[in-house]
Every structure is written in structure tokens, then in C-alpha cells.
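Heads up, the thing below is written out as C-alpha cells.
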Amino acid sequence: MSDEPVPPPAEPSFEPQPETQPLQPAPPRADGPAPPDQERTLRLASIVAVDIVGFSTMTEKDQRKAAKAVMALRTRIEGVAAGNKGRIFNTAGDGFMLEFGAAGDALGAIEDLLDKRPKGEPDIRVGAHVGDVVETANHDLLGHGVNVAARLQALAAPNTALVSGEFRSMARNSPGAVFQARGRQPLDNISQRVQVFAILSPRARSKRLLGRAAMAAAALGAGAGLVFLGPPLLDLARKVEFLRPAASAAPAVPAAPPAARAKAPAPQPVAAPVTAVAPTPEPAAPGAPQPGQTFRDCANCPEMVVLPAGDFQMGSPPTERGRFASEDPMREVRIAPFAVGKYEVTFAQWDACAAAGACNRFLPSDRGWGRLNRPVVGVSWNDAQAYLRWLNGQVGAGHPPYRLLSEAEWEYAARADTTSAYHFGPTLTRAQAVFHAQQTDPVGSYQPNGFGLYDMHGNAGEWVQDCHHNNYMGAPSDGSAWDGRCPNRMYRGGGWRDEAPALRSANRRRAAATLRDGSIGFRVARGL
């Protein structure tokens with residue numbers, strides 16, 4: 001890094017991160033110790049824990065018979081793991097731990113284990129999680145991924161499987177995968193509750209499908225009954241109405257004298273419930289979305305908010321605490337209306353890209369905090385571009401392309417018609433944003449700004465499109481990105497481990513486009 005006015009990125013945001021690897025099948029392991037430089041490599045893995053139900057009772061009744069049954073089960077588990085590109089990495093008297101490179105492969109193994117059980121095989125229960133692991137010299141695995149899988153297995157009923165929300169997010173697109181939510185569950189020695197899902201067996205799927213079919217048939221039958229009986233019932237109702245005395249209306253009241261009528265209050269109509277008379281807002285016409293409108297272009301697309309056109313002063317005044325010379329000179333910028341992500345891109349959204357074979361199948365580490373709706377971090381500017389290419393492929397040609405925000409658009413969105421250091425005011429507290437913290441929080445955990453955008457300050461720094469420039473001399477005034485071929489790109493907003501001044505609306509930072517930093521993520525934008 002050069003000694004330029006922009007604050008050096010080697011501040012908290014550029015602490016080296018644990019190594020991560022693209023998601024790939026776990027290769028078969030040869031005997032012998034791992035090389036020293038691999039002993040502490042941190043990677044993401046799909047872990048499956050299998051436990052034999054009632055193992056102690058089995059051994060008490062007939063130890064030799066129990067040993068024979070366990071060996072037969074082990075042989076089958078080894079074959080199932082290998083057939084689904086996985087391996088056994090640890091065994092105990094009553095349990096087995098399996099590793100897979102992809103959640104879809106792990107799901108296939110679980111289904112084979114549960115759905116193809118031979119007669120007389122001991123009952124088993126299964127747990128699965130996608131999380132960080134460290135490989136030891138003897139090829140064993142340790143870490144959060146193993147811990148969660150083992151504790152989920154302990155909660156499962158015999159011959160069923162419980163998986164984490166992270167596992168379900170990665171495996172949900174597998175053919176035939178059916179999950180049933182079990183809520184957030186506390187696990188032993190795990191500080192945070194874990195979102196748990198059950199994998200439905202073919203029998204359970206058939207039962208649920210038959211139940212839904214029965215409900216649909218009942219609804220169809222009721223509809224058919226109304227069609228068949230409707231005309232006679234309507235005719236009967238008309239006859240009853242014809243025979244009803246006219247006095248069923250409001251009874252006639254003798255006319256009051258003029259003086260009395262003058263004193264009596266005028267009858268007021270009874271107001272109908274608001275929900276019955278409130279008009280349904282008309283959807284915005286195609287091509288003319290309204291400011292504040294939210295939309296989502298596809299199931300895996302981020303939720304977007306439409307921002308209005310406007311002018312604003314970009315940069316910071318000399319009196320703003322914590323400012324840098326790189327935020328000069330202040331100048332007026334005109335922003336055209338555009339749409340921006342309501343939240344930072346999440347792990348769940350990134351993982352959908354990786355699961356589809358895009359984004360180089362790269363899975364950044366979640367550091368054991370959980371994935372799902374936390375902001376994805378540990379992705380480079382180049383990684384963000386790969387995600388955008390995949391996202392644009394989801395919505396198809398002819399659609400306004402998704403992209404990163406420009407620096408000007410980002411600051412306009414962060415300020416939301418304010419001129420203070422933060423959109424909250426001149427100062428910031430931990431009740432308003434994630435900073436100087438130990439980890440990220442789920443997106444949307446704090447109050448939004450005036451445009452309805454969340455986490456514009458803190459949680460994760462956000463890559464923008466612009467190349468690095470020392471200051472705003474010569475910068476575009478129309479809100480477009482100051483783009484080109486350059487090794488360093490800008491990011492804004494500050495991250496979870498930064499101090500408050502780094503979260504200011506005007507603060508600028510630079511980093512190599514290839515850097516995968518554990519506090520930098522991104523959000524997306526698109527034209528209208």
C-alpha cells in the first residue's frame with residue numbers, strides 16, 4: 001500500500017483470514033500423517049454423524065452378536081459414504097462421523113442410510129451440518145461443523161435425520177429433497193440456538209402428499225357441492241326474501257315537527273371496517289417503479305428497494321470528526337433513480353450461487369457464527385463480480401443487469417437525505433449498528449435508514465464498483481462509477497470489527513480486488 005491520503009486498509013479490516021477452499025468432494029485419504037502445513041487448514045465441510053440406538057443394551061444381551069451387527073453396519077456405511085463421494089473419518093463403539101465435500105452428496109448418503117436399511121440392522125439416528133473444520137495429522141476432523149452435527153444426531157428419533165439450517169440451505173436444490181422445519185433448538189455446549197430441519201423419508205413424504213391430496217379433494221368436493229346446490233339455495237333465499245314482511249326494514253318513524261327535526265342530530269352512516277373499504281394500492285406500472293417500492297426478481301434474488309432521484313453533497317465537511325482528506329472536495333452529485341439491495345447479500349444467497357456450480361463453488365468461512373441470513377464476508381471484489389454474473393443469469397437477458405453500487409450511489413443511499421456523519425445523527429451507538437464487535441449479526445437486526453435500507457453502517461464493509469482514487473478531484477458528478485482497469489477497489493460502510501469513525505457515510509477505504517477479508521461483503525444494485 002502507498003502512503004496516500006485514503007486510510008490504509010491494513011487497519012482492522014485487513015487482518016489475515018483463515019484459509020478457505022472451494023467446495024469439492026473429499027478425496028480418499030491415504031494412510032500416513034498429513035503434511036505439517038495441512039494440519040491446521042480450516043475448511044468448510046458437510047459433516048454427517050451416525051449413532052447406533054441402544055448400543056449398550058445390545059452389548060449387554062449378546063456381545064458377539066452386537067459386534068457382528070456393528071461391523072456389518074460399518075461396512076454398509078463405508079460403502080454408502082464412498083458411493084456419495086465421502087469418507088468415514090472417525091468411529092466410536094456406537095457412532096460414525098462422515099465427511100462430504102458437498103451437502104448434496106451428504107444428503108444422498110443420509111437417504112441411502114435411512115431408506116435402504118436391510119432387515120435386522122440396528123436402528124440409527126443421524127445429524128448433519130455444514131460448518132468449519134480443522135484436519136489433524138491423523139486425518140481426523142475437529143471444529144464447529146463436527147460439534148453441531150453430533151448434537152443434532154443426539155436429538156434425532158430412531159431412523160430419522162435432523163439437519164441444520166445451513167445444511168438445508170446448501171442441499172435444498174437436490175432432487176427429491178424434502179425438509180420439515182423444527183424451529184430453533186438449543187444444543188448442548190452451543191451458545192446460539194440452531195435452526196433445525198428434519199429430512200422426510202419416502203414414507204413421510206407419501207403420507208404428507210396423501211394428506212395434502214385429501215385436503216385438496218375435500219376442498220374440490222366442497223366447491224363442486226356449491227356449484228351443484230348453489231342455484232336451488234339461491235332460489236330458496238329469494239323466496240324467503242319475497243315472503244319476508246316489508247317491516248323488516250327500519251321501522252317508519254312519525255315525522256317530527258320542524259323544531260324537533262332541527263334539534264335532532266343527523267343520522268350518520270355506519271362506517272365499514274377499514275380493512276373492508278381500504279383501496280388496494282395499485283402496483284407500479286412496468287418500467288415505472290415508485291420510490292420506496294420493494295420487489296424481488298427471482299426466488300434467490302435479493303430483495304430490492306427503489307430509491308428516488310436526488311441531489312446531495314458527497315464528502316465530509318472539515319468539522320466532521322474522524323474525516324480524512326480523501327473525502328475532499330465536497331461536491332454536489334446528481335443521482336438517477338435506481339434500486340438497491342434492502343440488505344447486504346447473505347450467506348444463504350451466496351451459497352445458492354455456489355450450490356448451482358457458480359461463484360467458482362467458493363464457500364467463505366462463517367467462522368462458526370452460522371450462515372443463512374448473516375451477511376456473507378470473506379469474499380473479494382472479483383468474487384462479487386462472479387456472483388453478479390450468476391444473478392444476472394437467473395433473471396435472464398433483457399432485464400436491467402445487477403451490479404455493484406457506485407461510490408456516489410452508496411453514499412447517497414447511506415445518507416438517506418441526511419447530512420450528519422451517520423444517518424442516525426452525529427454519533428453512533430452499539431444499539432444502532434454492528435461495530436467494535438466479536439462477530440456479525442443477522443441482516444436487518446437494527447433499525448433501517450430513511451430509505452428503508454439496513455446495515456448501511458457496520459456489520460460488513462461493502463464493495464463498490466469504483467477504482468481507488470486519492471480524492472474526488474475529477475470524479476463523475478452524475479453518480480456513475482469511477483471505473484476502469486485497476487488493482488485496488490473501494491469499499492464503504494465499515495464492518496463488525498471496525499471503530500465507529502470507519503462507519504461514517506463519507507468514509508472511504510480501498511483494498512486489492514483479490515482480497516478476501518473477513519469483514520468485507522457487498523450489496524447489489526440495478527437500474528430501473
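Out of all the residues in the range 488-503, is one or more surrounded by fewer than 17 Cβ atoms within 10 Å (Cβ to Cβ) and under 22 Å from ALA309 (Cα atoms)? No, the conditions are met nowhere in the range 488-503. Scanning the range 127-173 for residues that are of a type in the set (D, E, K, R) and outside any helix (DSSP H, G or I), we see that the one that is nearest to MET58 (Cα to Cα) is ASP140. Take the residues of the range 351-382 that are at pLDDT 95 or above and part of a helix (DSSP H, G or I): which is nearest to PRO442 (Cα to Cα)? Once the filter is applied, the top-ranked residue is TRP381. Screening the range 188-197 for residues that are surrounded by 18 or more Cβ atoms within 10 Å (Cβ to Cβ) and in contact (Cβ under 8 Å) with a residue 40 or more places away in the chain and picking the one that is farthest from ARG172 (Cα to Cα) gives VAL194.
Among the residues of the range 70-91, those that are without any contact (Cβ under 8 Å) to a residue 12 or more places away in the chain and either touching a Cys at 6+ places or on another chain (Cβ under 7 Å) or farther than 26 Å from GLU166 by Cα (or both) comprise MET71, THR75. A single member of ALA161, ALA157 is surrounded by 24 or more Cβ atoms within 10 Å (Cβ to Cβ) and touching a residue at least 12 places away in the same chain (Cβ under 8 Å), and it is ALA161. Across the range 440-476, the number of residues qualifying as of a type in the set (Asp, Glu) and either closer than 22 Å to MET330 by Cα or in contact with a Phe, Trp or Tyr (Cβ under 6 Å, 6 or more places away or on another chain) (or both) comes to 2. Taken together, the residues in the range 432-447 that are part of a loop (DSSP other than H, G, I, E, B) and touching a residue at least 60 places away in the same chain (Cβ under 8 Å) amount to 10.
When ASP455, ASP483 are screened for being on the phi > 0 side of the Ramachandran plot, assigned by TED's automatic domain parsing to the domain that holds ARG510 and in a loop (DSSP other than H, G, I, E, B), only ASP455 passes. Free of Cβ contacts under 8 Å to residues at least 40 places away in the same chain and either among the acidic types (Asp, Glu) or within 19 Å of ASN138 (Cα to Cα) (or both) - does that describe any residue in the range 42-56? Scanning the range 42-56 turns up no residue that is free of Cβ contacts under 8 Å to residues at least 40 places away in the same chain and either among the acidic types (Asp, Glu) or within 19 Å of ASN138 (Cα to Cα) (or both).
Being more than 20 Å from ALA512 (Cβ to Cβ), among the aliphatic types (A, V, I, L, M) and touching a residue at least 24 places away in the same chain (Cβ under 8 Å) is the filter here; which residues of the range 346-402 pass it? Listed by number, the residues that qualify are ALA348, ALA352, ALA354, ALA355, ALA356, ALA358, LEU363, LEU372, LEU391, VAL395. Being in contact with a Gly (Cβ under 9 Å, 6 or more places away or on another chain), in a loop (DSSP other than H, G, I, E, B) and either surrounded by 23 or more Cβ atoms within 10 Å (Cβ to Cβ) or polar (S, T, N, Q) (or both) is a property that THR429 lacks.
Among the residues of the range 70-94, those identified as of a type outside the set (Gly, Ala, Ser), farther than 16 Å from ILE124 by Cα and out of contact with any helix residue (DSSP H, G or I) (no Cβ under 7 Å at 6 or more places or on another chain) are PHE89, ASN90. Selection of strands (runs of 3 or more DSSP E) fully inside the range 41-126 by the criterion of at least 3 residues being at pLDDT below 85, assigned by TED's automatic domain parsing to the domain that holds ILE199 and surrounded by 22 or more Cβ atoms within 10 Å (Cβ to Cβ) returns nothing. Scanning the range 324-333 turns up no residue that is of a type in the set (Val, Ile, Thr), assigned by TED's automatic domain parsing to the domain that holds ALA416 and closer than 30 Å to MET170 by Cβ. The set of residues in the range 405-418 being part of a loop (DSSP other than H, G, I, E, B) and over 17 Å from ASP478 (Cβ atoms) consists of ALA416, ASP417, THR418. Filtered by the rule that a residue be more than 21 Å from GLY521 (Cβ to Cβ) and in contact with a helix residue (DSSP H, G or I) (Cβ under 8 Å, 6 or more places away or on another chain), the range 380-402 gives a lone residue, HIS399. Here ARG489 meets each of (1) assigned to a strand (DSSP E or B); (2) of a type outside the set (Gly, Ala, Ser); (3) within 20 Å of HIS436 (Cβ to Cβ) with one exception, condition (3). Among the conditions (1) out of contact with any Phe, Trp or Tyr (no Cβ under 8 Å at 6 or more places or on another chain); (2) surrounded by fewer than 17 Cβ atoms within 10 Å (Cβ to Cβ); (3) among the small types (Gly, Ala, Ser), GLY527 misses just one, which is (1). The single condition among (1) among the hydrophobic types (A, V, I, L, M, F, W, C); (2) over 20 Å from GLN349 (Cβ atoms); (3) in contact with a helix residue (DSSP H, G or I) (Cβ under 6 Å, 6 or more places away or on another chain) that PHE522 does not meet is (2).
The values are calculated or read from the model by the stated rules, or taken from the named source; none is laboratory data. Because the structure is a prediction, the values reported are computed rather than measured. Positions of Cβ are generated from backbone atoms using ideal geometry, with glycine treated the same way; all protein chains shown enter the neighbour counts.
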